[in-house]
1. Please determine, by comparing only the residues of the stretch 1-15 that are over 17 Å from residue 82 (Cα atoms) and assigned to a helix (DSSP H, G or I), which one is least open to solvent (accessible area, probe 1.4 Å).
2. Can you tell me which of 43, 18 is surrounded by 13 or more Cβ atoms within 10 Å (Cβ to Cβ) and either at pLDDT 95 or above or farther than 13 Å from residue 111 by Cα (or both)?
3. Name the pairs: first residue in the stretch 91-111 and touching a residue at least 12 places away in the same chain (Cβ under 8 Å) and under 23 Å from residue 71 (Cβ atoms), second residue polar (S, T, N, Q) and surrounded by 12 or more Cβ atoms within 10 Å (Cβ to Cβ), Cβ to Cβ under 6 Å, at least 6 apart or on different chains?
4. Determine which member of the set 36, 72, 68 is out of contact with any Cys (no Cβ under 7 Å at 6 or more places or on another chain) and more than 30 Å from residue 124 (Cβ to Cβ).
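The values are calculated or read from the model by the stated rules, or taken from the named source; none is laboratory data. It should be emphasised that the depicted structure is a prediction, and the values quoted were computed from it without experimental measurement. Ideal geometry is used to build each Cβ from the backbone, glycine not excepted, and the neighbour counts take in all protein chains shown. Side chains included, ligands, DNA and RNA excluded: accessible areas come from the protein's heavy atoms. Shrake-Rupley method; radii C 1.70, N 1.55, O 1.52, S 1.80 Å.
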Amino acid sequence: MGKVLWILQIVLAGLFLFAGGFKLVTPVEEMLKQMPVALPGWFLQFVSVCEVLGGIGLILPAALRIKPGLTPLAAAGLVIIMIGATVVTIMGGMGATAVLPVVTGLLLGFVAYGRWRLVPINVEPLKAHKASFPS
């Protein structure tokens with residue numbers, strides 16, 4: 001189960017780093033032309049920053065074993081963004097394409113629950129390893 005969660009975390013982190021990074025470098029006017037529902041430009045920029053930070057949060061805390069509890073929180077935060085993406089997609093009349101944010105949100109929910117309850121990142125092996133060195 002741990003390997004499945006790591007694979008999902010890496011794939012989802014790549015997705016959000018790419019999507020959020022692309023939105024950050026794309027001019028707001030260009031994004032507004034492509035949006036099915038008009039949203040304020042500042043809100044699009046805010047969501048983009050949240051996506052990038054969430055993508056980083058899916059990997060770094062768990063990989064570095066520094067505050068690994070932030071990984072399920074990052075996944076849960078991205079679930080909220082995916083709920084909003086699903087609603088906006090449906091409001092724009094593109095119900096069939098709403099499947100992508102729904103599936104992404106479900107995968108993020110699985111990562112959040114998996115890292116919170118099923119296979120949380122354990123920081124103890126690192127502490128035990130450091131203690132085994134002679135002083």
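1. This residue is 5.
2. Values: 43 fails: surrounded by 13 or more Cβ atoms within 10 Å (Cβ to Cβ).
Exactly one residue qualifies, and that residue is 18.
3. Filtered contacts from the stretch 91-111: 101/86; 102/86; 111/9.
4. Selected residue: 36, the only one of 36, 72, 68 that is out of contact with any Cys (no Cβ under 7 Å at 6 or more places or on another chain) and more than 30 Å from residue 124 (Cβ to Cβ).
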